[in-house]
Amino acid sequence: MSPLSTLFQSRPRILPAVLLLLLLLAGCQKQLPPPSSPPPPSPAERLQSLKQTVAAGNCAEAVPALAALVGQMPDSAEAFLLLGLCSARQGQPERAETALSRAASLDPGNPRPQEALGILRYGQQNFPAAKDALTRAAALGSANPQTYYYLGNLAMQAGNCPPALENYRKAMAKDPTYGDAFKEYRAAVAACAKVGQGGGKP
């Protein structure tokens, strides 16, 4: 038998073997596990993302997510601070008070929760509580000019000129463009001079 005849006779045996191999390979491919999806972000990663959301001014979007997050991070002063700040902006003073108070208790050396509490309470005309929080913020080295501006206003309401003028000066030093502080300072200088409690320059 010629080699050519032998080749033609062997082809029927080769083809079934090749087909069987292809079927086996196809079966192996079908059994491969599907690609795994990426893990969900951790609470810490979600907090970082929400910080960006808040910084962009999207408090309406951030509040529900922050409210859920503080349940997962009950010891995060930063999460409670963000929730309190955004709740205040959204006109939710009770939630803001609760969240900011929690932030202050978790991080007692941070002036920011006390600043926010003082400003929130001042806006609600709860002046004694506002003074308490703002005084604490100032004692912690607050860099926020509003801390001293509102302390100046509170001192003027009490007719106490020296601390009022001092706090207005601090507010102006923290922010030389703070127009309200300059305005109230000039008014306080004039008012205090009339009652013999000067000590400021117009």
Legend entry - Extension gain from N160 to D75, taking 0.36 nm per residue of separation minus the Cα-Cα distance: 26.6 nm
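Full-extension gain between S36 and A191, please, as 0.36 nm times their residue separation minus the C-alpha to C-alpha distance. Working shown, then result.
On the way: separation 155, 0.36 × 155 = 55.80 nm, distance 7.17 nm.
Between S36 and A191, full extension yields an extra 48.6 nm.
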Inset, instruction - With just the Cα atoms of region 57-126, tell me how far they stretch along each of the three principal axes, in Å, largest first. - result: 32, 27, 19
Inset, instruction - Using all C-alpha to C-alpha distances in region 105-202, build P(r) with 5 Å bins and read off the rounded percent in each one. - result: 3, 16, 24, 23, 18, 10, 4, 1, 0, 0
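Would you mind giving the average projected area, over all directions, of the Cα convex hull of region 85-140 in nm² with one decimal?
Reported value for the Cα convex hull: 3.2 nm².
Between Q48 and S101, how high is the FRET efficiency from 1/(1 + (r/R0)^6) when r is the Cβ-Cβ distance and R₀ = 25 Å? Nearest 0.05.
Values: r = 24 Å, r/R0 = 0.96.
The value I calculate is 0.55.
We did not get these values from a lab; they are worked out from the coordinates using the rules stated. Since this is a predicted model, take the numbers as computed values, not measurements. A quick note on method: Cβ atoms are made from the backbone with ideal geometry, for glycine too, and the neighbour counts reach across all protein chains shown.
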